[in-house]
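The values are calculated or read from the model by the stated rules, or taken from the named source; none is laboratory data. The shown structure was predicted, so the numbers you read here are calculated from the model rather than taken from an experiment. A quick note on method: Cβ atoms are made from the backbone with ideal geometry, for glycine too, and the neighbour counts reach across all protein chains shown. Protein only, heavy atoms only, side chains kept; ligands, DNA and RNA dropped before computing areas. Shrake-Rupley method; radii C 1.70, N 1.55, O 1.52, S 1.80 Å.
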Amino acid sequence: MINRPYFKFCCYTAFVITAFAHLSFGQNKPAAAGTILQGLKKLNVVGSVLYVAAHPDDENTQLLTYLANERLLRTGYLSMTRGDGGQNLIGPEQGEYIGVIRTQELLAARRIDGPDQFFSRANDFGFSKSTDEAVRMWGQEQALADVVWMIRKYRPDVIITRFPPDSRAGHGHHSASGYLAEEAFKIANDPTKYPEQLKWVKPWQPKRIFWNVFIPGAFMSNKKPDEPGVISVETGLYNPLLGKSYGEIAAESRSQHKSQGFGVPANRGVKIDYLALKGGEPAPNDPFDGVDLSWKRVAGSEPVQQLINQAIANFKPEKPVASVPVLVQTYKALSRLDTANIYVKTKRLEIETLIQQCIGLWFETNPGNYAAAPGEAIRVTSSVVNRTDYPVKLIGIQMPAIQKDTVMNLVLKPNDVAAFTTTVSIPANQPISQPYWLEKPVVKGLFQVSNQALIGYPENPPAFTTLYTFDIDGQTFTFSRPWSYKSTDPVDGEIYRPFIIQPAVMANLAERVYVFADNTPKTVDVILKSGRANVSGTLKLEVPAGWRIEPAQLPFELKEKAQEVRVSFRVFPSVAYSEGKLRAVVSTESPEKTGYASSLRMVAYKHIPTQTLFPAAEAKLVKLDVKVKSKNIGYIAGAGDEVPAALQQIGCLVTPLGPRELNADLARFDAIVVGVRAYNTEEWLRYYQPKLMDYVKNGGTMIVQYVTPGGSFIQNGLKVNQIGPYPFTVGRDRVTEEEAKMTFLKPQHPLLNTPNKITDQDFNGWVQERGIYFAQEWDKAYEPLFSAHDTNEAAKDGSLIYCKYGKGHFMYTGLVFFRELPAGVPGAYRLFANMISVGK
Ligand SMILES: [Zn+2]
């Protein structure tokens, strides 16, 4: 169905794409004189480089900073994935929400170090051990298509990969990114490959491709690698115009990877990077040997070249505005060249920004709220100010999404803010904001994106923008700004966030999984929130056959925008063991509409613009055959831990244990469970370790979920010398195939038999992986319960080890209960119930 706003959206998309604008949280970009001079010098560099790796944080930030700011090249980073499969060190988000955070972290990094940011459709589905597995999951054809697409679209002279295409890369995604870049390099210029792309882009042959040699264990060393065709680049230089070295800028940008705990110190002094030729023409000295990086590569550009030289030579740092006439002339001269040429397009955009910066011209459009619902009328204010005395006329402003066009012909007085407030109506059929790659469910390892033109972009083109048309020196310029909401926080000051379109009413279910261990009904609380004023209607919950809901439906009436009301239903489970979906269905009056409801999910952190998402309002229902003998559980929380809530669902009483609670008597707990990585992060645990061991000795049951072994520069080591009563070590063994066969090593062991009889069936439906950070070597007091392995690997027995100690029981497990329990996987509940019940 093509309704009109969607059609408009497409047109706008086409506009953005041909303009190759750097899509980001588009604010004004005021610049000091040094930065402006840097920008003028960049006008003279006509060349591009594309860096390719697998994840947010893989990129060599310092090399990118150097390429963008010292070599002044058009520089892009293509990250195959958005990092969805990683762990989150700063909050509870998992999966696609971590992908949303990491997308924004990369954009925040790029706002600091300068390059453009791109992504393929590949999903970070978790750790992968081989290139083969990675490309099989992503889809070889589609993943390769996306790299070819980015090469054809960005037209880099040189491609640089972070990883080699083989097992030296460590992670299958890493080697796959190197492999795909090398393959794409070979075919991007072949019009018979992916011909469907040629509707938008032309074939392109980069001059060469390098591997930015990564020496494991010597990441930051300046040691020359033993590889053929290696050249070196010194990236530790100091830039006097920016007042920083590239190592300092790189540290700032890299420290944006906060969800991965990736704060790094500034690197000062000499830093050598090595590039090994992987394809194309040899380069004896410099990565760009034989590439003309001047205007000579654009026909008829001699006048442009002359004008840029003049602008640089005559630049006055105390008066950048004096450069405006020559910049306007350069812009006009560019307009006479082939405007389809990528450098003509790019440099026109750069000049537009430079002109704004030289004049100190500032303009933006701020709606009165960060969100509006379709059909809602909202107030928006557009403000313009010229902070110099350079003559500028505001010809008019347009708001294409609402077809508003205002002619002004206003001569801007120096430093006088002109503000225009108007009430506009959001079109009734305006689509709800949703990241384009999350509109459809991910299939295997690939996000489903139907609009080819969007592929590669870090985020959606803004649906609402204002076009400001100015007359500057007799030349008309039209500059675009996305609408953004602006507020003032008493602590953090002025804060911007993207303007988005939200549903008229949103329904947030209290839990994403409801687990029933018996036939007792559960209360499902739903918080209804209005997206605009005066919404009324009814809410019902849809459940699978055999399940029942009371009441059948509930009326609601929300008078104010953003008003919340809590309503409750009772869910009666089916008698049979079953799994299914509970979905909220909302019917609204005027406009009359019935459909599955969306929930509201905010991803809010200080280092990125707040992201608002509207996933389906649904939860998983599980009627489970589980018996639990232990009810009273003490829980030492790990990172972003949802296991306690899962245990409560099967009737356990869970007490959070911190230093204060650990001082009290522990004997009252049937079991004590330690959350993931708590032994890596909680310094105070070392002081309570003897007490915890005494608790076990006296008859308690203790379960430790995975810890990381330490030694890697991003992970903490362990806070205690020994986690259990007898020694064992934790290694990097993992089983990433979630269907891997689990062999029972001790079929008669109580952990596999009471109170729940564990069978192969209990390992059906696990998500993402079996386990990580298995025990590697253990004292003979421990018994391993399972053996498992990924395809073509040796058996690994350390996923769950158990020992008796005194009168009690101790277990260490790398099985990913922290993923499986919140996902409502029945077998994981049954096995975990046995583990906590083993002392009963
Ligand atoms: Zn990586």
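Points worth noting:
- Annotation: GLU783 carries an accessible surface of approximately 60 Å², with a 1.4 Å probe and no ligand, DNA or RNA atoms counted.
- Compactness of segment 325-380, taken as the C-alpha radius of gyration over 2.2 N^0.38 Å, stands at 1.71.
- Cα gyration tensor shape for segment 505-622, rounded if a/c is under 1.5, else prolate or oblate: oblate
- Principal axis box of segment 627-837, alpha-carbon based, largest edge first, Å: 47, 41, 33
- Paramagnetic label reach from LYS404 (point 7 Å along Cα→Cβ; backbone nitrogen cut-off under 13 Å): within segment 370-395, residues 376-383.
- Charge dipole (Cα centre; +1 on Lys/Arg Cβ, -1 on Asp/Glu Cβ; no other charges) of segment 690-769 amounts to roughly 420 debye.
- In straight-distance terms, cross-link reach from LYS332 covers every one of the aspartates and glutamates whose alpha-carbon lies under 15 Å from its own, apart from those fewer than eight places away in the same chain; here that gives GLU302, GLU350, GLU352, ASP471, ASP473.
- Remark: the chain carries a charge dipole of roughly 740 debye about the Cα centre, counting +1 on each Lys and Arg Cβ and -1 on each Asp and Glu Cβ.
- Look at where the Cα atoms of segment 639-654 and of segment 105-136 average out, and the two centres are 33 Å apart.
- Here's the picture: charge each Lys and Arg Cβ at +1 and each Asp and Glu Cβ at -1 in the chain, and of GLN430, ALA184, GLY546 the one pushed furthest to the positive end of that dipole is GLN430.
- Applying a threshold of 25 Å to the alpha-carbon distances of LYS627/LYS719; LYS271/LYS319; LYS153/LYS223; LYS41/LYS244 flags LYS627/LYS719; LYS271/LYS319; LYS153/LYS223 as lying beyond it.
- In the assembled protein chains, LEU657 presents an accessible area of approximately 10 Å² (probe radius 1.4 Å).
- The local environment of HIS55, defined by Cβ-Cβ distances under 10 Å, has a net charge of -2 under the rule Lys, Arg +1 and Asp, Glu -1.
- The Cα center of segment 334-374 and the Cα center of segment 437-502 differ in position by 13 Å.
- Proximal charge balance of ALA604 [Cβ under 11 Å; K/R count +1, D/E count -1]: +2
- Solvent-accessible area of MET408 with every protein chain in place, 1.4 Å probe, in Å² to the nearest 10: 50
- Base-10 log of normalised Debye intensity for the chain (one unit scatterer per alpha-carbon) at q = 0.07, 0.10 Å⁻¹: -0.62, -1.19
- When each of the peptides 555-565, 345-355 is scored by the mean number of other C-beta atoms lying within 10 Å of its residues, the order from highest to lowest reads 345-355, 555-565.
- FRET efficiency for LYS629 and GLU302, using Cβ-Cβ distance with R0 set to 60 Å, rounded to 0.05: 0.10
- Which of LEU666, MET137, ASN386, positive extreme of dipole for the chain (C-beta unit charges): ASN386
- Helix axis angle, 4-19 relative to the chain longest principal axis, alpha carbon, degrees: 70
- Relative contact order computed over the chain (Cα-Cα under 8 Å; 6+ residues apart), in percent: 10
- Computed from label points 7 Å out along Cα-Cβ, the spacing between ARG111 and ASN721 is 4.9 nm.
- Ranking ASN753, LEU800, THR729 by how far each Cα lies toward the positive end of the dipole of segment 627-837 (charges on Cβ) leaves ASN753 at the top.
- The mean sequence distance of close C-alpha pairs (under 8 Å, at least 6 residues apart), as a share of the length of segment 47-293, puts its relative contact order at 23 percent.
- For the chain, the mean residue ellipticity at 222 nm estimated from helices alone is -7000 deg cm²/dmol, where every DSSP H run of n ≥ 4 contributes -39500 (n - 2.57) and the total is divided by all residues, rounded to the nearest 500.
- Between ILE495 and ALA340, the contour length at 0.36 nm per residue exceeds the alpha carbon distance by 52.1 nm.
- Taken over segment 505-622, lysine pairs spaced eight or more positions apart, or on distinct chains, with alpha carbons under 21 Å apart number 14.
- Mean-position separation - Cα centroids, segment 260-281 and segment 393-418, in angstrom: 46
- Sorted largest first, the principal axis extents computed over the alpha-carbon atoms of segment 452-539 equal 78, 41, 32 Å.
- Inverse mean reciprocal Cα-Cα distance (Kirkwood Rh) of segment 348-399, Å: 13.3
- Positive minus negative residues near LEU337 (Lys, Arg vs Asp, Glu; Cβ under 11 Å): +3
- Only Lys, Arg, Asp and Glu carry charge here, each on its Cβ (+1 for the first two, -1 for the last two); on that basis segment 541-682 has a dipole of about 140 debye about its Cα centre.
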